[in-house]
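Below is one structure; the comments refer to it alone.
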Amino acid sequence: MNVLFVVSECAPLIKTGGLADVAGALPGALAHEGCPVRVLMPAYPGLESKLVDAKELLAFDDLFGGPARILGGQAAGLDLLLLDAPHLYDRVGLIYLGPDGNDWPDNAVRFASLSWAGARIGLGELTDGWRPDVVHAHDWQGGLTPVYLSHMPVRPPTVVTIHNIAYQGHAPAWQRDDLRLPIAGFTPQGFEFWGGINFLKAGLVYADAITTVSPTYAKELTSPEFGYGLEGVIAASVEKLRGILNGIDLDHWNPESDPAIANFSIRTIGKRAANRQALAEEFGTVAEGPLFGIVSRLTPQKGLNLLLNLLHDLLDREAGLVLLGSGDPDLEHAFSAAGTSHPGQVGVKIGYDEPLSHRIYAGSDVIVVPSRFEPCGLTQLYGLRYGALPLVARTGGLADTVIDANDAARKTGVATGFQFHPGSGRSLNEAINRACDCFADKKLWRQMQRNAMKHPVGWETSAASYRMLYESLTEAAP
Ligand code: ADP
């Protein structure tokens, strides 16, 4: 079962969020299921030099305004196909944003090109003869692939995964021709959306199957609160939608061998204290109570303003807080100010720092994820794996992966963390208090850390679910 991923980022090569972690880790797990994956992604600056055994496998004279080619090779244990299109991707800035912090004005064309290349590979045009049995596109950046393939008399089945429905990819109607989209699809039943073009909607309508990254988010998506205007499309496609929980790469995220931390295991959990100590020193915090850690994009989605409002209550409990994040300038400013106002209690680093994120998972007592909505969330999974108990909003994948320390779970000894009602400051405060109370009970805390570290967070079960989905699609294909 050959699978083609069409995706805009892939760890460890380039990453802005959880999408990259999934694109980097799921192929390895799928290979164990008998589904080798080739990952198609843009050749952002510097990526080509990382390819081993690079070969040109396809050339385009004009890919949406310039020549382009597909280079195949290996990097970071992945079978990669890089879309080398200098007019689209060879530029200084972030992958979605220019130096001014705004979206690149031609993002629609940039990712239509990626989708177009994915469709061509789907049709078996690579010169090495490789042909995918299934094309699996991720998020809006791959959303047009199923549209481009839909008119082909013979084509592989398509899957679109929603990693976050808040990002949909829009273009004005006048760009339809330039984006090589058929006029017949420009209807409310197609890719038209309030008079424009919606990439993710296109993917949802034209794909043979839709997945999203947790069972709870799959249910939430049909409601206006979570569907971001696509709830009707989701509701109409519900029989082809399923929620498959994300996992994490257990080799890369392994407290026993992680080079970024003082190593420990579930049997030597006491050694974890060295990481807490080092983290507190790094951030200049001193806390008798639990050390709360956050690693996050700073966007309103993540609900961190709730925590800011409760900072005094948290510090009253002799807790400490360390945060690593970047994004929204207002949130960056608010957290920096909190760090300045509470030296010794609140430590803040604005920026993106992969090794530091590992040190936070290994050294914090609690990982806080107060999201308003969270399709799956990975940071709570890293917290579980590293014995930092997640304190999370009860939404999406957070609800599916953390067992709240309520009376019943504590009696049966299965609790792994704390949940609160999303959006409610009162409920968050109550969860913070419960976490502080549990922390004071060292025996209970140790038991919860062990439960957390034992909780299955790998890809095995989910990779098998994807395989079964692929099989059902290829069996159903004409
Ligand atoms: P999202 O995809 O919405 O950002 P996820 O929880 O699914 O949220 O994934 C976030 C990923 O990005 C995790 O791997 C997390 O460790 C990482 N991350 C987020 N912010 C930073 C940062 N500032 N520095 C390093 N890693 C970060």
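Read-outs throughout are calculated quantities, based only on the coordinates presented, and are distinct from any laboratory measurement. Not measured: the values here are computed from a predicted model. Note that each Cβ is placed from the backbone with ideal geometry, even for glycine, and that neighbours are counted across all protein chains shown.
Structural remarks
- Region 244-324: relative contact order as a whole-number percent, Cα under 8 Å and 6+ apart: 26 percent
- Ratio of Rg to Rh for region 159-271: 1.21 [Cα atoms; Kirkwood radius as inverse mean 1/r over pairs].
- Relative contact order [Cα under 8 Å, 6+ residues apart], the chain, whole percent: 12 percent
- Taking the Cα centre of region 73-154 as reference, the dipole from Cβ charges on Lys and Arg (+1) and Asp and Glu (-1) amounts to some 140 debye.
- Pairs of lysine residues in the chain - Cα separation under 20 Å, sequence separation of 8 or more or cross-chain: 16
- In plain terms, the residue of Trp104, Trp194, Trp459 with the fewest other Cβ atoms within 10 Å comes first and the most crowded comes last, giving Trp194, Trp104, Trp459.
- Hydrodynamic estimate: the Kirkwood radius of region 145-197 over Cα pairs, inserted into Stokes-Einstein at 10 °C and 1.306 mPa s, corresponds to D of 128 µm²/s.
- Under the criterion of Cα pairs below 8 Å and six or more residues apart, the relative contact order for region 269-454 equals 22 percent.
- Kirkwood-based shape ratio for region 426-478, expressed as Rg/Rh from alpha carbons: 1.39
- Part-to-part distance (alpha-carbon centres) for region 226-266 and region 1-80, which is given in Å: 20 Å
- Sequence-distant residues sharing a close amide H with Phe264 (under 5 Å, placed H): Glu256
- Each residue of the chain gets 144 Å³ once the volume of the Cα convex hull is shared out per residue.
- Degrees separating the helix 273-283 axis from the principal Cα axis of the chain, which is the longest one: 80 degrees
- The per residue volume of the convex hull around the alpha-carbon atoms of region 269-454 is 99 Å³.
- Each 10 Å bin, from zero up to the one with the longest distance, holds this percent of the alpha carbon pairs of region 57-210: 11, 39, 39, 10, 0.
- Remark: region 1-106 projects, on average over all directions, an area of 6.9 nm² (convex hull of Cα atoms).
- Using θ = phi - 60° and Karplus 6.51 cos²θ - 1.76 cosθ + 1.60, couplings along region 62-77 (whole Hz; Gly, Pro as x): 9, 9, 6, x, x, x, 8, 8, 10, 9, x, x, 10, 7, 6, x
- On the basis of the beta-carbon distance and an R0 of 51 Å, His151 and Glu332 show a calculated FRET efficiency of 0.65.
- Extending 7 Å from Cα along the Cβ direction at Gln189 and again at Lys443 yields two label points whose distance is 6.6 nm.
- Taking max minus min of the alpha-carbon positions on each principal axis, region 384-449 gives extents of 31, 23, 22 Å, largest first.
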